[in-house]
C-alpha cells in the first residue's frame, strides 16, 4: 500500500476530477462467486477425476458425511464424502494414508473455497491398478464394447442355459435353486471355470468359448459370488471382457454383490447384482406364466363364445332369409298363383261359351227350322235322282225313271209308273 499512496499524492486536482468522471464496472461478491463456480466446475466437469495425496484432518459427522483434506507438500484440497457414498464404502481412509480418490470438483460459495466431492478411494498401490483399469475401460468403451445399442434382449422362454462359474462355488447352487423354482423346463449346461487367481481370466474366456459349440443354447449366465476387489479382478481382464462381448448368445452377468461392477458386467447384455438375480433375470416365473396362460385361455374362451354367438345369430338371420326365399315356398306361391289363373281362365271360358251360346241360340233355331232333316222328321220325304239332283215337282218325274225316296230313317229306290195327272 505504501508504494501506491505516493502515486495518488502526485495526482493534481484536475486529474482527480477526470478519474471521478470515468464509469466504474464492478461485480458483487455473489456474482464473482458464481463466475468462480462456473469456471472451476466447467474446467473439472468430469466425474472420474482421480487425485493422489495424503489424508489429513479426517472428520466423520453425525449425519454420516465425511470431511478430510488431501495433501501434497504445502498444497492441499478439501474433500467431502457424502453420506450415500460413505455408506457404500467398506472402510474409510485413515489419517496419514496415501490414497487415490475419485470425484468431481465443486466451488462452495458459502465459504469461498473449492472442494473435491469423493465417491471412491483406493490405497496408493491398488490405486495405480485402478488407474490402469480406467484406461482399459476408456479404450474398450471407445471400441463400442459397452455400447447399449449392441445389447441383446433375452429370450422369453429359454430351453437351454449355459452357466460359466466354478462348479464348487455357492453361486452355482444359488443359480440351480432359482432355475428349479422359476423355470424347471430349462436344461442347464455347465461350462466350469476358475473364477479367481492368475489363471482365472484365461479359464473364464475358454469356458465362454466352449459354449459356442453347444447346439440350441439360448443364453449364458456368467457368475461368481461376492469377494474383494482383488478376488473379482479376473472379470476386469481384457480377455474376459472381449469373450463376453463376442459371445454368440446373450450373456447375463452376476458377479459379486450389488456394489461391485466389473468390465465384464459392462460388456454383458444384462447385468444382475448377484448370481441369484442373474438366474431370475434369465428366466420367467413359471407361476406367472401359468397364471398368464390361464388368463389367455379365459380370454380365448370368452372370445370364442362371443364369436360363436355372433355366428349363430348370423346363421339364424340367414336361415330366416332363406326360409323367406326357399324354392319350395316360391314354387308353392307360383302354383297357387297358377291355380288362381286357371280358375279365372275357366271362368272366362265358361262366360265366353255362355255368351256365344246366347248369341247363336236364335240363328240356330232358325237353322234348325230350315234343316231338311227336321222336315223329314215330321213325315215328309225327299225325292232325288241317283245323281243327287232333287225332284221337287211331279212334272219333273218321267215314267220309268228311277228315283230315290229319302225319309228321316233311310231311303228306298222307286221307279215312276205313270205320267203326271196334271
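Readers should treat all values here as calculations from the given coordinates under stated rules, not as data from a laboratory. Please read all numbers here as calculations on a predicted model, not as lab measurements. Don't worry about glycine lacking a Cβ; one is built from the backbone with ideal geometry, like all the others, and counts go over all protein chains shown.
Some observations on this one:
- Compared with the dominant Cα axis of the chain, that is its longest principal axis, helix 327-370 is turned about 20°.
- Segment 93-137 shape via C-alpha gyration tensor axes, a/c threshold 1.5: oblate
- Modelled FRET efficiency - R0 60 Å, residue 307 with residue 28, Cβ distances, 0.05 increments: 0.20
- By DSSP, the beta bridges lying fully in the chain are antiparallel in about 65 percent of cases.
- Segment 73-147-segment 376-422 distance, computed between alpha-carbon centres (Å): 168 Å
- When the chain is treated as a GNM with alpha-carbon contacts under 10 Å, the residue of 63, 155, 123 showing the greatest mean-square fluctuation is 63.
- Residue of 400, 64, 53 that the Gaussian network model of the chain assigns the largest fluctuation, springs spanning Cα pairs under 10 Å: 400
- Fluctuation leader among 321, 242, 305 - the chain, Gaussian network, Cα springs under 10 angstrom: 321
- FRET efficiency for residue 389 and residue 350, using Cβ-Cβ distance with R0 set to 60 Å, rounded to 0.05: 0.85
- Degrees, to the nearest 10: 170-182 long Cα axis against longest axis of the chain: 20 degrees
- Residue 76 versus residue 61: modelled label distance in nm, points set 7 Å from Cα along the beta carbon direction: 1.8 nm
- For the pair residue 50 and residue 285, the difference between a 0.36 nm per residue extended length and the Cα-Cα distance amounts to 80.3 nm.
- Segment 374-415: C-alpha gyration tensor shape, a/c 1.5 cut-off, then a/b vs b/c: prolate
- Length gained when the stretch residue 375-residue 361 is fully extended (0.36 nm per residue, less Cα-Cα span): 3.1 nm
- Between residue 138 and residue 300, the FRET efficiency estimated from the beta carbon spacing at R0 = 45 angstrom works out to 0.25.
- Here the label points at residue 189 and residue 202, each 7 Å from Cα along the C-beta direction, are separated by 2.5 nm in the simple model.
- Packing-based ranking of 101-112, 268-279 yields 268-279, 101-112, ordered from highest to lowest mean Cβ neighbour count within 10 Å.
- Estimated distance in nm for a label pair at residue 157 and residue 321, the labels positioned 7 Å out from Cα along Cα-to-Cβ: 4.1 nm
- Cα gyration tensor category, rounded, prolate or oblate, for segment 29-141 with a/c compared to 1.5: oblate
- Nearest 10 degrees, 0 to 90: helix 200-210 Cα axis against the chain principal axis: 10 degrees
- The computed Cα extents along the principal axes in Å for the structure shown corresponds, within [x] 53, 44, 36; [y] 210, 89, 40; [z] 63, 45, 44, to [y].
- Shown here are the Rg and Dmax of the Cα trace of segment 290-422, at 44.2, 143 Å.
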